[in-house]
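Taking it in order: structure first as C-alpha cells, then the write-up.
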Amino acid sequence: MTELSFDRRDITHIVWDWNGTLLDDNHANLAAVNTVCVTFGREPVEMDHWRRVFRRPLVPCYEELLGRTFTDGEWKRVEALYHDGYEQHLPTCDLAAGVPDVLRTWSGGGGTQSLLSMAAHDHLVPLVTERGLSHHFTRMDGRRFETEHDSKAEHLVHHLENQGIDPAKVVLIGDIDDDARAAQEAGAQPILVASGLMSRDRLAATGAPVVDSPVAAVDALRGA
C-alpha cells in the first residue's frame, strides 16, 4: 500500500465509485468490450491488456482498441453493444470483498459517505437499491450530463455542492486514474483500489495512494 499523502484525520466523508470499486464487475466489463471487438472485427482481448489501455475519454480509447476512427453513428452502436453485453453478465457480478461491511465500518465511526459513478444515473440507482446498499449513502449520482472531456471531475463538483460538503474533508475512492484526477480538480483527496479496471502501475503513476481493496482503503483512513 502507498502511504497516505494527506492527514486522514481531516477526512469525514467518502465518495465511493461503483464499477470496479464496490462492485466486482471486471469480467462483465471485459465480456462487453469483447462483444464490441468481435462485432467490429477485432480479436477479443484479455483482461491484462484491457487494464493497460482503458482510459477516459472513452471514444479515443475504443478507437485505439479497434484500430479505426468512428464514423457518424458508430459510437452509439458501440455504446449499445457494450450495454447489452454488460447487462447479460451483470447478474453474475458480486459486491467487492468486504462490502457492505466496510460501509458500516465507516459510518459506525461517525463518517458519512455517498456514491458517484459514471454509469448512467437511471441504471445506477436501481442497481444499488436492489443490492440493499442505498441506505448507506447520503446521495447517489450516476452520469446525469455529458462533459467535454468525459471525466468525473465536473460530476464530483456538482455531487459535493449539492450536499454542501467541503471538498477538503473528502476522499474519493475509485479504481482508475480519472478518479484521482477528479478528486484533485475538485479539491478532494483520492485513494485508488487496484482491483478494478486499471493496472497498479498506472494507478501509482497518478501519485495517489494505491491499496488492494475498499476494505484496505477504509483501514488506511482509520489508521488500522
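The values are calculated or read from the model by the stated rules, or taken from the named source; none is laboratory data. Since we're looking at a predicted model, the values are computed, not measured. FYI the Cβ positions are ideal-geometry reconstructions off the backbone, even for glycines, and counts take in every protein chain you see. Surface accessibility is based on the protein's heavy atoms, side chains included, excluding ligands, DNA and RNA. Shrake-Rupley method; radii C 1.70, N 1.55, O 1.52, S 1.80 Å.
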inquiry  = Helix-only mean residue ellipticity at 222 nm, the chain, DSSP H runs n ≥ 4 weighted -39,500 (n - 2.57), per residue, nearest 500. What is it?
reply    = -12500 deg cm²/dmol
inquiry  = I need to check one value: relative contact order of segment 133-224, counting alpha carbon pairs closer than 8 Å and at least 6 residues apart, in percent.
reply    = 21
task = Using a 1.4 Å probe and ignoring any ligands, DNA or RNA, find the accessible area of Y62 and quote it in Å² to the nearest 10.
result = 10
query = Taking Rh as the Kirkwood radius, which is the inverse of the mean 1/r over Cα pairs, what is the Rg/Rh value for segment 83-198?
reply = 0.94
remark   = Filtering the chain for DSSP H helices with an axial alpha carbon extent of at least 18 Å and a Kyte-Doolittle mean of at least 0.5 returns 26-39
query = What percentage of the solvent-accessible surface of segment 134-204, computed with a 1.4 Å probe over protein heavy atoms, is contributed by carbon and sulfur atoms?
reply = 45
ask   = Over the chain, what is the relative contact order in whole percent, taking alpha-carbon pairs under 8 Å and six or more residues apart?
value = 30
request  = For the chain, give the magnitude of the charge dipole about the Cα centre (Cβ charges: +1 Lys/Arg, -1 Asp/Glu; no others), in debye to the nearest 20.
outcome  = 320
query = In vacuo Debye scattering of segment 147-221, one point per C-alpha: log10 I(q)/I(0) at q = 0.21 Å⁻¹?
reply = -0.88
ask   = Quick one: accessible area per residue over the chain, 1.4 Å probe, rounded to a whole number of Å²?
value = 46
task = Taking every Cα atom in the chain, find the radius of gyration and the maximum pairwise distance Dmax, and write them in Å.
result = 17.0, 52
task = Arrange the peptides 27-33, 104-110, 17-23 so that the one whose residues have, on average, the most other Cβ atoms within 10 Å appears first.
result = 17-23, 27-33, 104-110
ask   = What order, most packed first, do the peptides 41-48, 184-191, 135-142 have when packing is the mean number of other Cβ atoms within 10 Å of each residue?
value = 184-191, 135-142, 41-48
inquiry  = Projecting each Cα onto the charge dipole of segment 39-175 (Lys/Arg +1, Asp/Glu -1 at the beta carbon, about the Cα centre), which of Y82, T71, G110 comes out farthest on the positive side?
reply    = G110
